[in-house]
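The values are calculated or read from the model by the stated rules, or taken from the named source; none is laboratory data. In this text the structure is predicted, and so the values were computed from the model without any measurement. All accessible areas refer to the heavy atoms of the entire protein, side chains included, with ligands and DNA or RNA removed. Shrake-Rupley method; radii C 1.70, N 1.55, O 1.52, S 1.80 Å.
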Amino acid sequence: MSELTMSLIIAGVAFVVIVYIYSKWQEYRARKSVDRAFSDGHDDVLMNAHDDVDLVRQEPQFDHDELSELDAADPVDLAGGEPGSESNVAKQDFDATMFGKELSVDDLIDCVIPLEFDAPIRGERLLKEVSDLKYVGRKPVHFIGLTHDGVRDEIAHGSIYTAMFAGIQMVSRSGPLNELEYSEFVSKLREIADRLNAHSDVPDMNRVMSNARELHQFVAEHDAQLSVNVLSNGAPWDITTLLGALEKQGFDVRPDGRLVMPDGDVGNLFTLSTNVSASETVTSKLTLLLDVPCVSPDLEGFGVMAKCARSLASRLGGTVVDDGNNPISEQALAEIAEQVREFCNAMAIAEIPAGSRRAKRLFS
């Protein structure tokens, strides 16, 4: 082997070693930067984020025309039958019992079909009969019963019912109920009715489809998801150390790598993404995302998210930016915060309050 060949081999090996050492040094710096950011000496802003909600929030702005249209919007009429029909009378009575208690069947977002029994039936049998009908296509199906006292409630063992209400959700983020799904729902419901000796009043398909399209338009126009980002001002952050630290700060880590900030009850306030695949070891950008229709305005989700983003930027040596990596000013955050409040007020006027069970079902 010539001296030239040997020199080239040595140079190549040396280059690989240098690259390896530099990579490890970068990883070490990334870990140390995160460790320092979440050391005990820092004020724990993330853990106290829920305690201070009088602040500002952020992200892509709503269109003011859209907000005006929503303010003027009437509650969506999703009755199954024509005015004056038997099913419409049942719906009106059903409306009166829905307010004050959220049931799994909701006449505003479900197509509701009543089944009246020839004789009272125990809850155990009803639950067995409907156990296989949970979805038609991608649309959820739910059932509630009418007790001897005339109260509508979730079907339970040990109770006796004189009627049952079946509801198929007319809209989700995947789209509106279609003719095939509705036909399949009615067909399966008639089979159940035959086994229970029940009488059903099936709404007209054209009216149901019209209601579904109207509600889908509402969902499409108000499917607002707002994000803020934290961009590193220097070296990237080590993901393993970062995820561990954020978990200690109150985030729940999901299998897909997303982190979720709980709302203190059973829901989520906002999510955080590292924007890299599971195989990556470092990241230079974090994205916090608020699903506006699914978070109650009382929780001040946008304010807490913006405060969390500012805290992360301060701790990690980053900048709060929009999706185009442009810094977001405090004034811009305040303006968007006000738009979020207006948006939530408009949803409440439309009888689909942000964060309600009804809204979470529609925007799922």
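Summary table
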| item | result |
| --- | --- |
| Value of D in µm² per second that Stokes-Einstein yields for the stretch 207-364, Kirkwood Rh from Cα pairs, at 20 °C (1.002 mPa s) | 128 |
| Diffusion coefficient, µm² s⁻¹, Stokes-Einstein with Kirkwood Rh over alpha-carbon pairs of the stretch 159-205 at 25 °C and 0.890 mPa s | 201 |
| Per-selection Kirkwood Rh - the stretch 207-287 (Cα, Å, 1 d.p.) | 15.1 |
| Evaluated over the stretch 108-194, the Cα radius of gyration and Dmax, each in Å | 13.1, 39 |
| Largest-first ordering by accessible area, 1.4 Å probe, given options HIS142, HIS148 | HIS148, HIS142 |
| Surface accessible to a 1.4 Å probe, per residue, for the residues of the stretch 261-317, Å² | 37 |
| Whole-Å semi-axes of the ellipsoid equivalent to the stretch 166-238 (Cα gyration tensor, √5λ, descending) | 44, 16, 8 |
| Probe 1.4 Å, accessible area per residue of the stretch 98-254, Å² | 45 |
| Ratio of the Cα radius of gyration of the stretch 156-291 to 2.2 N^0.38 Å, where N counts its residues | 1.63 |
| Relative contact order of the stretch 235-331, defined on C-alpha pairs under 8 angstrom at six or more residues apart (%) | 18 |
| Principal axis dimensions, the stretch 241-302 - Cα atoms, whole angstrom, descending | 37, 20, 17 |
| Radius ratio Rg over Rh of the stretch 185-226, counting only Cα atoms, Kirkwood formula for Rh | 1.25 |
